[in-house]
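Just below is one structure, and these are the notes that go with it.
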Amino acid sequence: MTTQQQGQLTPAQRRQFVSDHRTAIFGYSRKDDGPAMTALYYVMDGDDILISTMRARAKAKAVLRNPKVSLCVLDENWPPTYITLFCTASVEATVDDDLDAVVNLGMRIGAVMAGRELDDSVREFVVKGAIEEDRVNIRLKPYASFMTPPRHVHGESDMPTLTHWTSATVPWDAE
């Protein structure tokens with residue numbers, strides 16, 4: 001069994017997977033009840049991941065309470081593949097202390113959502129939205145990852161070769 005079959009990608013392959021995709025499920029501890037998850041768009045900033053949210057939303061509050069979060073990056077193509085990143089998160093910028101950083105991230109995330117760069121003519125709408133929604137930037141620093149290669153059945157002929165094995169959490173930089 002190869003390293004990739006076992007779900008252990010190289011650091012470059014893990015970064016490439018995260019860089020090549022745009023949607024994820026953000027997981028965090030709730031103050032009450034069980035863990036919470038929410039779908040979102042993200043952008044890469046070197047090895048870090050940036051997300052935008054409203055200061056009043058649970059994501060921002062949870063990060064301030066407990067910076068250990070997870071991000072399940074999704075492949076939007078069939079068959080679905082994913083990689084889960086375990087991260088340390090921090091609120092990096094707010095509209096109060098760095099409006100430009102919040103707006104710049106808003107423009108970048110808008111481009112990810114649109115699948116192309118946005119014209120600078122929409123910047124004024126992003127500024128207005130960032131202020132009205134009291135947006136903040138959250139920086140995620142991955143320290144470990146988990147990936148299980150997908151196993152799918154497309155028909156009866158796949159059943160004899162359908163295999164499963166366990167995977168392990170590996171450090172983000174591990175070979």
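What the table shows:
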{"read-out": "Filter pass, E175 being in a loop (DSSP other than H, G, I, E, B), more than 25 Å from W78 (Cα to Cα) and modelled with pLDDT under 85", "value": "yes"}
{"read-out": "Candidate set from the stretch 75-90 (those that are buried (at least 16 other Cβ atoms within 10 Å of the Cβ) and of a type in the set (A, V, I, L, M, F, W, C)); member that is nearest to the chain's Cα centre (by Cα)", "value": "L85"}
{"read-out": "Selection status of D45, farther than 29 Å from H164 by Cβ, out of contact with any Phe, Trp or Tyr (no Cβ under 8 Å at 6 or more places or on another chain) and modelled with pLDDT under 95", "value": "no"}
{"read-out": "Per-region count, the stretch 55-89, residues assigned to a helix (DSSP H, G or I), of a type in the set (K, R) and touching a Ser or Thr at 6+ places or on another chain (Cβ under 9 Å)", "value": "2"}
{"read-out": "Residues of the stretch 64-84 that turn out to be of a type in the set (A, V, I, L, M, F, W, C), out of contact with any Phe, Trp or Tyr (no Cβ under 7 Å at 6 or more places or on another chain) and in contact (Cβ under 8 Å) with a residue 12 or more places away in the chain, as a count", "value": "1"}
{"read-out": "R151 of a type outside the set (F, W, Y) and either within 28 Å of L64 (Cβ to Cβ) or touching a helix residue (DSSP H, G or I) at 6+ places or on another chain (Cβ under 6 Å) (or both)", "value": "no"}
{"read-out": "Scan of the stretch 30-63 for residues that are exposed (fewer than 14 other Cβ atoms within 10 Å of the Cβ) and of a type in the set (G, A, S), ordered by number", "value": "G34, A39, G46, A56"}
{"read-out": "From K128, K59, residue being touching a residue at least 40 places away in the same chain (Cβ under 8 Å) and either in contact with a Pro (Cβ under 9 Å, 6 or more places away or on another chain) or of a type outside the set (F, W, Y) (or both)", "value": "K59"}
{"read-out": "Matching residues, the stretch 20-35, being small (G, A, S) and modelled with pLDDT under 95", "value": "S29, G34"}
{"read-out": "Filtered residue count, the stretch 23-54, keeping only those that are outside any strand (DSSP E or B), within 19 Å of I109 (Cβ to Cβ) and free of Cβ contacts under 8 Å to residues at least 40 places away in the same chain", "value": "1"}
{"read-out": "Failed criterion for L9 (all others in (1) more than 16 Å from the chain's Cα centre (by Cα); (2) under 23 Å from R135 (Cα atoms); (3) surrounded by 18 or more Cβ atoms within 10 Å (Cβ to Cβ) hold)", "value": "(2)"}
{"read-out": "Flag if A93 is touching a helix residue (DSSP H, G or I) at 6+ places or on another chain (Cβ under 7 Å), over 28 Å from H164 (Cα atoms), surrounded by 15 or more Cβ atoms within 10 Å (Cβ to Cβ) and modelled with pLDDT of 90 or more", "value": "yes"}
{"read-out": "Residue within the stretch 143-165 that is part of a strand (DSSP E or B), in contact (Cβ under 8 Å) with a residue 60 or more places away in the chain and of a type outside the set (A, V, I, L, M) present", "value": "yes"}
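The values are calculated or read from the model by the stated rules, or taken from the named source; none is laboratory data. Note that the coordinates shown come from a computational prediction; the quantities given were computed from them, not determined experimentally. Reconstructed Cβ throughout: ideal geometry from the backbone, glycine too, with neighbour counts over all protein chains shown.
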